[in-house]
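Input: a single structure, listed below in structure tokens.
The values are calculated or read from the model by the stated rules, or taken from the named source; none is laboratory data. Remember, it's a predicted structure, so these values are computed and weren't measured experimentally. Positions of Cβ are generated from backbone atoms using ideal geometry, with glycine treated the same way; all protein chains shown enter the neighbour counts.
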Ligand SMILES: Cc1cc2nc3c(=O)[nH]c(=O)nc-3n(C[C@H](O)[C@H](O)[C@H](O)COP(=O)(O)OP(=O)(O)OC[C@H]3O[C@@H](n4cnc5c(N)ncnc54)[C@H](O)[C@@H]3O)c2cc1C
């Protein structure tokens, strides 16, 4: 998709001097955000997984910048979570992964301003190098991002057959099934259900992690869940540190007990 940018961006930003500009890390957001950053000569951090307003001390100059946008995202192949700041140029621009922001109801009435722009005034024919001939939208059959309960399985589940236990628990709880990348790579579950840095980001009310160690790349996609239960045979698994409840045991024993107990208690 080609978005004619320079003239339109100037028009949109000519009156406003925003400090922060956020875009969804969707295909449209990822396309337009760098064009705007380039036009405004400011920085842009792509694919943030967390945003915080905070102070930043520049160790070289000893200058403290107040209330900056601290843009957090995985870096170096996902091995660290980096905090990126753009202290000297405004606005501070970032694209943000879907699911990172909690959906909130607005507390105040916000009146928007509609800016009608006649694109023909600003565009040449050569700006439109891509023509959309047909739009084909396929219905998303999987509702993992909006599910309030997710039961996720990892490599510790052991096999595709054992994954049936994860599906059974999700079924009795009325939730969806997710998985770690190791479970996807092992062929236990489809890629569309992968949760984490290279999968989807979720924030359900309840996240049950079964046989998942909780590496940083997995946590990036689920640690904002309201409640986390970990089922793991290793008491020292990193996921246990962020879990609200930890069940130490073999998923083959624990999951059938959880299913049985839930079925008995809802009668
Ligand atoms: C660039 C990059 C991107 C990545 N993106 C993602 C991503 O999006 N999502 C993701 O998940 N990972 C991602 N990873 C991979 C990540 O680093 C881990 O390798 C992966 O999350 C591990 O998956 P796991 O916890 O299922 O497996 P393991 O780390 O092997 O953990 C298995 C766990 O199961 C437990 N266990 C074993 N047997 C049992 C049993 N019988 N009962 C109960 N518990 C048991 C073990 O104690 C262990 O804690 C990425 C890696 C990189 C480098």
From the option list 121, 105, 113, 141, single residue qualifying as surrounded by fewer than 17 Cβ atoms within 10 Å (Cβ to Cβ) and not in a loop (DSSP other than H, G, I, E, B) is 121
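If I filter the stretch 145-159 for residues that are closer than 20 Å to residue 103 by Cβ and in a helix (DSSP H, G or I), do I get at least one hit?
In the first step, residues of the stretch 145-159 are kept if they are closer than 20 Å to residue 103 by Cβ; the result is 145-150.
From what is left, the residues that are in a helix (DSSP H, G or I) are 145-146.
Checked against the condition, which is being closer than 20 Å to residue 103 by Cβ and in a helix (DSSP H, G or I), the stretch 145-159 yields at least one hit.
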Only unsatisfied item for residue 164, checking (1) more than 14 Å from the ligand (Cβ to nearest atom); (2) under 26 Å from the mean Cα position of the chain (by Cα), is (2)
Those residues of the stretch 182-220 which are over 12 Å from residue 243 (Cβ atoms), in contact (Cβ under 8 Å) with a residue 24 or more places away in the chain, more than 6 Å from the ligand (Cβ to nearest atom) and assigned to a loop (DSSP other than H, G, I, E, B) amount to 186, 187, 188, 189, 201, 202, 203, 204, 205, 220
**Request:** Could you tell me whether residue 86 is surrounded by 11 or more Cβ atoms within 10 Å (Cβ to Cβ), under 17 Å from the mean Cα position of the chain (by Cα) and either modelled with pLDDT of 85 or more or not assigned by TED's automatic domain parsing to the domain that holds residue 119 (or both)?
**Result:** no
Residues of the stretch 62-83 being over 20 Å from residue 26 (Cα atoms), in a strand (DSSP E or B) and more than 16 Å from the ligand (Cβ to nearest atom), in sequence order, are 63, 64, 65, 66, 67, 68, 69, 70, 83
Every listed condition ((1) at pLDDT below 95; (2) part of a loop (DSSP other than H, G, I, E, B); (3) touching a helix residue (DSSP H, G or I) at 6+ places or on another chain (Cβ under 6 Å)) holds for residue 262 save (2)
By residue number, the members of the stretch 159-180 that are farther than 29 Å from residue 266 by Cα and surrounded by fewer than 22 Cβ atoms within 10 Å (Cβ to Cβ) are 159
In the stretch 9-34, anything modelled with pLDDT of 85 or more and farther than 21 Å from residue 68 by Cα is listed as 26, 27, 28, 29, 30, 31, 32
Residue 264 fails exactly one of (1) more than 8 Å from the ligand (Cβ to nearest atom); (2) touching a residue at least 60 places away in the same chain (Cβ under 8 Å), namely (2)
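Yes or no, residue by residue, for (1) touching a helix residue (DSSP H, G or I) at 6+ places or on another chain (Cβ under 9 Å); (2) within 22 Å of residue 228 (Cβ to Cβ); (3) touching a residue at least 24 places away in the same chain (Cβ under 8 Å):
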site: 56; (1), (2), (3): no, no, yes
site: 67; (1), (2), (3): no, no, no
site: 120; (1), (2), (3): no, no, no
site: 133; (1), (2), (3): no, no, no
site: 138; (1), (2), (3): no, no, no
site: 145; (1), (2), (3): no, yes, yes
site: 158; (1), (2), (3): yes, yes, yes
Scanning the stretch 233-259 residue by residue, those closer than 17 Å to residue 162 by Cβ, part of a helix (DSSP H, G or I) and more than 7 Å from the ligand (Cβ to nearest atom) turn out to be 253, 254, 255, 256, 257, 258, 259
